[in-house]
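Asker: A single structure is presented below for examination.
The values are calculated or read from the model by the stated rules, or taken from the named source; none is laboratory data. Note that the coordinates shown come from a computational prediction; the quantities given were computed from them, not determined experimentally. When we count neighbours, we look across all protein chains shown, and the Cβ atoms used for this are built from the backbone with ideal geometry, even at glycine.
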Amino acid sequence: MLELCTAPPSAQPRRRIVVGIGEYAVSNDRASVIVTHALGSCIAVCVWDPAAKVAGLIHVLLPDSRINPSRAGEQPAAFADTGLPLLFRTAYEYGVDKKRCQVRLVGGADITRASGAGAGGAGDAGSVGKRNLLAVRSLLWRNGVLVQKEAVGGCEPRTVSMDVCDGSLQISSGGETVCRF
Amino acid sequence: MEATSPFNILIVDDSTMMRAMIKRAVKLSGVEVGTIHEAGNGQEALEILEQHRIGALFTDINMPVMTGTELLRQVAARGWTHIISVIVSTDGSSARREEVRDLDVRLYVEKPFAPEAIRDVLAEVCH
């Protein structure tokens, strides 16, 4: 998902740009908030350029597009290796500068611990969360980007809201705000 | 003038890959530093320290020729109190930490570490 917003800041109510699983959004509409829900083992990579006042967020489902190339073709943002380049390229088109860019990570939880499910199986979501985090961090490192802050791991699903106006993040879990940064 | 002296860094590790990783993390950190020197062991590090003014020393512990612990003893013996010492080691045991407790070690980073850990250390030692 790509938002093309050019409206100047105003006193109008905050517009919510909802990013689904395997989607992304970039916006410079300072009246908007980018929101993504149901971050379990998934990772939200949030980028913010304080000078350009541009915010971007991607909801990464899996680490590697080789797992499902056909899906990667249809929905590249679902995978870290195809989604992150897409997010950054779009952000650069909006005027984001890599040197100014602040990157924050949210998610990568081990939701099997919360549900009491066993670990270690082929569908082990805990290891998916760790693999997602590893893939994202590795891609960022290889591209010369350090993570400013992160709220990752644990066993609870998260929702994250990113204010396009100031880049601030609000992270909630179970309906309650757990942290802001 | 001291106030305008560049904050030079010395990275001491027998792994060239590890030195390269720390060096890259320093460069990406956004913290302004001067020259980044490298040494493969404590003895090489001492030779660099004799020749250059170093602000912060990132050293491994287990190295051939001269260990990081011995290097820190030599730094202390020479009275180089201006050097901020940071240990970057796989050995984070309490016994090892106790061994260097009296050697004015500012921070201890355990391997493996996220590159952001180096940035956070730099931000702390440069302020």
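Asker: Just checking, how many residues over the stretch A:36-62 are assigned to a strand (DSSP E or B), on the phi < 0 side of the Ramachandran plot and surrounded by fewer than 18 Cβ atoms within 10 Å (Cβ to Cβ)?
Answerer: Matching residues across the stretch A:36-62 total 1.
Asker: Is it fair to say B:Ile22 is touching a strand residue (DSSP E or B) at 6+ places or on another chain (Cβ under 6 Å) and within 14 Å of chain A (Cβ to nearest Cβ)?
Answerer: Yes.
Asker: Mind listing whichever residues of the stretch B:70-85 are farther than 20 Å from B:Val125 by Cα and either acidic (Asp, Glu) or within 13 Å of the chain's Cα centre (by Cα) (or both)?
Answerer: B:Glu70 - this is the single residue of the stretch B:70-85 that is farther than 20 Å from B:Val125 by Cα and either acidic (Asp, Glu) or within 13 Å of the chain's Cα centre (by Cα) (or both).
Asker: Please find, within the stretch A:72-111, the residue that is surrounded by the most Cβ atoms within 10 Å (Cβ to Cβ) out of those that are small (Gly, Ala, Ser) and farther than 19 Å from A:Leu134 by Cβ.
Answerer: Filtering the stretch A:72-111 for residues that are small (Gly, Ala, Ser) and farther than 19 Å from A:Leu134 by Cβ, the one surrounded by the most Cβ atoms within 10 Å (Cβ to Cβ) comes out as A:Ala91.
Asker: Quick check on my filter: what residues within the stretch A:52-94 are of a type in the set (Gly, Ala, Ser) and either touching a helix residue (DSSP H, G or I) at 6+ places or on another chain (Cβ under 9 Å) or free of Cβ contacts under 8 Å to residues at least 24 places away in the same chain (or both)?
Answerer: Selection gives A:Ala52, A:Ala55, A:Gly56, A:Ser65, A:Ser70, A:Ala72, A:Gly73, A:Ala77, A:Ala78, A:Ala80, A:Gly83.
Asker: Additional query: Any idea how many residues of the stretch B:42-62 are surrounded by fewer than 21 Cβ atoms within 10 Å (Cβ to Cβ) and part of a loop (DSSP other than H, G, I, E, B)?
Answerer: Number of matching residues: 4.
Asker: Please verify whether B:Ala39 is crowded, with 17+ Cβ neighbours inside 10 Å, more than 14 Å from chain A (Cβ to nearest Cβ) and touching a residue at least 60 places away in the same chain (Cβ under 8 Å), treating the condition exactly as stated. Spell out the reasoning first.
Answerer: Numbers: crowded, with 17+ Cβ neighbours inside 10 Å: yes; more than 14 Å from chain A (Cβ to nearest Cβ): yes; touching a residue at least 60 places away in the same chain (Cβ under 8 Å): no.
When the stated conditions are applied, B:Ala39 does not pass them.
Asker: Among the residues of the stretch A:1-31, which ones are modelled with pLDDT of 75 or more and in a loop (DSSP other than H, G, I, E, B)? Reasoning before the result, please.
Answerer: Filtering the stretch A:1-31 down to residues modelled with pLDDT of 75 or more leaves A:13-31.
Across the stretch A:1-31, the qualifying residues are A:Pro13, A:Arg14, A:Gly20, A:Ile21, A:Gly22, A:Glu23, A:Asn28, A:Asp29, A:Arg30, A:Ala31.
Asker: Which condition number in (1) more than 14 Å from chain A (Cβ to nearest Cβ); (2) acidic (Asp, Glu); (3) surrounded by fewer than 18 Cβ atoms within 10 Å (Cβ to Cβ) is the one that B:Asp13 fails?
Answerer: (3)
Asker: Return the residues of the stretch A:125-167 that are of a type in the set (S, T, N, Q), without any contact (Cβ under 8 Å) to a residue 60 or more places away in the chain, crowded, with 16+ Cβ neighbours inside 10 Å and not in a strand (DSSP E or B); say none if nothing qualifies. Show your work before the answer.
Answerer: Step one: of the stretch A:125-167, the residues of a type in the set (S, T, N, Q) are A:127, A:132, A:138, A:143, A:148, A:159, A:161.
Checking the rest, the ones that are also without any contact (Cβ under 8 Å) to a residue 60 or more places away in the chain come to A:127, A:138, A:143, A:148.
Filter once more, keeping what is crowded, with 16+ Cβ neighbours inside 10 Å: A:127, A:148.
Of everything in the stretch A:125-167, just one residue is of a type in the set (S, T, N, Q), without any contact (Cβ under 8 Å) to a residue 60 or more places away in the chain, crowded, with 16+ Cβ neighbours inside 10 Å and not in a strand (DSSP E or B), namely A:Ser127.
Asker: What pairs can you find where one residue is in the stretch B:99-120 and within 14 Å of chain A (Cβ to nearest Cβ), the other is small (Gly, Ala, Ser), and their Cβ atoms are less than 6 Å apart, with a gap of 6+ or different chains?
Answerer: Between residues of the stretch B:99-120 that are within 14 Å of chain A (Cβ to nearest Cβ) and residues that are small (Gly, Ala, Ser), the close pairs are B:Pro115/B:Ala25; B:Ile118/B:Ala25; B:Arg119/B:Ser29.
Asker: Shifting gears a bit: Among the residues of the stretch A:144-165, write down those that are of a type outside the set (A, V, I, L, M) and in contact with a Pro (Cβ under 8 Å, 6 or more places away or on another chain).
Answerer: Restricting attention to the stretch A:144-165, the residues satisfying the condition of being of a type outside the set (A, V, I, L, M) are A:144, A:148-150, A:153-159, A:161, A:163, A:165.
Once the filter is applied, which keeps residues that are of a type outside the set (A, V, I, L, M) and in contact with a Pro (Cβ under 8 Å, 6 or more places away or on another chain), the stretch A:144-165 yields only A:Cys165.
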